[in-house]
Amino acid sequence: MIQSTSSPLGISPLPGPATSPGAHMPTAAPSAPLQPLPSPPSPAPQPSANEQAKRDLPWKYEGYKAFSAWMASEDDFFIFRRFENLNALTMLWMQDKIVRIEAKLQEIHKTIEDAPLNEKLKNCSFRWDEKYRQERHALMGELSRLLHHYNQYIEAFSKVRARPRAEKRQITNVRNWLAREAIDKTEASFTDNTSDLISINSRTRPPLGQWLESLPSLHLSCLFRAKPVPGLHHISEATSYSSNTTFECFTNTGIILVGLAMLLAPMWWLEYVSRSETRLKIITGFVGVFSGTMTLATVNRPFEVVAATAAYAAVLMVFMQIDGRA
């Protein structure tokens with residue numbers, strides 16, 4: 001049997017192993033139940049230092065990357081300079097180079113034309129020029145390149161020139177974004193050339209539609225808000241997107257309602273007027289209002305407006321005659 005013995009130095013024996021018959025284990029003191037510590041109140045969310053720096057230093061963290069992404073998110077933000085004067089200057093320069101080559105070719109042709117026959121000079125063969133008149137051959141090669149560039153340049157600029165001028169509201173949109181100073185002021189000054197700015201957005205709208213889209217309150221209204229497109233639109237407190245489709249539907253609906261009113265109102269009015277002179281005045285007034293409405297609310301050409309007005313007047317006159325016979 002294994003027993004614990006006293007140490008000759010008077011030190012109390014260590015407890016034996018739990019498998020020994022004389023072993024004893026110290027009794028553990030009773031533990032108090034743990035209480036959860038109260039959680040500190042969560043502080044109000046504060047912008048991180050990085051976010052604050054982006055707000056304070058947009059020229060460093062945003063710059064042209066943010067400006068180009070914002071501009072590409074909406075057609076109304078796409079405005080650029082046309083550079084009309086510089087394009088005209090460049091085309092005049094190319095034209096002058098072509099004119100000088102033209103004069104030189106005419107001079108060579110005249111020289112050969114006046115040369116004696118015994119010199120056997122020719123104006124009738126490009127192959128002969130390539131072998132014996134290399135100056136004219138080189139001029140033709142240069143001329144072909146210049147004309148090709150000149151024609152392409154004029155065609156490209158004619159398309160740019162056909163673009164509509166940027167509207168005041170479009171220029172204001174870009175200026176408001178640039179006011180954040182994310183772009184160097186010198187480079188952002190391109191918006192000061194208002195007469196030279198063009199818009200990529202070339203939607204055809206009647207004067208009424210243009211007037212409605214010029215009202216900032218409608219663009220900020222929930223009714224005209226566009227559904228955000230992920231990856232394209234940049235939603236922020238400073239930018240909101242409106243729906244072109246909603247504006248067009250609103251304009252078309254208004255035109256239809258006004259058209260119905262213009263058709264029904266004079267009919268009911270004429271029903272209660274007996275004098276022919278008064279009835280004719282009513283018809284004249286409504287025909288004038290109809291012509292003005294067609295001009296402002298549609299994109300029809302003048303002769304189409306006149307044709308529609310004549311048809312409208314004919315309907316009212318027919319109604320007047322039928323009622324007069326009755």
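Values in this text are rule-based calculations from the coordinates and carry no lab data. Everything quoted here is computed from the prediction, not taken from an experiment. Note that each Cβ is placed from the backbone with ideal geometry, even for glycine, and that neighbours are counted across all protein chains shown.
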Of the candidates LEU215, LEU280, SER240, the farthest towards the positive dipole end of segment 190-326 (Lys/Arg Cβ +1, Asp/Glu Cβ -1, centred on the Cα centre) is LEU280
Please go through the residue pairs LYS54/LYS159; LYS185/LYS227; LYS168/LYS227; LYS65/LYS227; LYS97/LYS131 and name each one whose alpha carbons sit more than 30 Å apart in this structure. LYS54/LYS159; LYS185/LYS227
What translational D, rounded to a whole number of µm²/s, comes out for segment 83-162 from Stokes-Einstein when the hydrodynamic radius is the Kirkwood one over Cα pairs, at 25 °C and 0.890 mPa s? 169
Using a 10 Å cut-off on Cβ atoms, rank the peptides 303-315, 241-253 from the highest mean neighbour count down. 241-253, 303-315
Report the FRET efficiency, 1/(1 + (r/R0)^6), for GLU181 and VAL229, where r is their Cβ-Cβ distance and R0 is 22 Å, rounded to 0.05. 0.20
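What percent does the relative contact order of segment 83-162 come to when contacts are Cα pairs within less than 8 Å and at least six residues apart?
41
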Quick check for me: using +1 on Lys/Arg Cβ and -1 on Asp/Glu Cβ, what's the dipole size of segment 251-325 about its Cα centre, in debye to the nearest 20? 100
Stretch LEU263-TYR61 to full length: gain in nm at 0.36 nm per residue minus the Cα-Cα span? 66.8 nm
Contour minus Cα-Cα span, HIS137 to GLU155, at 0.36 nm per residue, comes to 3.7 nm
Among TYR132, VAL99, LEU89, whose Cα lies farthest out toward the positive end of the dipole of segment 83-162, if unit charges sit on the beta carbon of Lys, Arg (+1) and Asp, Glu (-1)? TYR132
Under the 0.36 nm per residue contour assumption, what length would be gained going from the current alpha-carbon distance of ILE256 and LEU117 to full extension? 41.8 nm
Under unit Cβ charges (Lys, Arg +1; Asp, Glu -1), what dipole magnitude, rounded to 20 debye, does segment 83-162 have relative to its Cα centre? 200
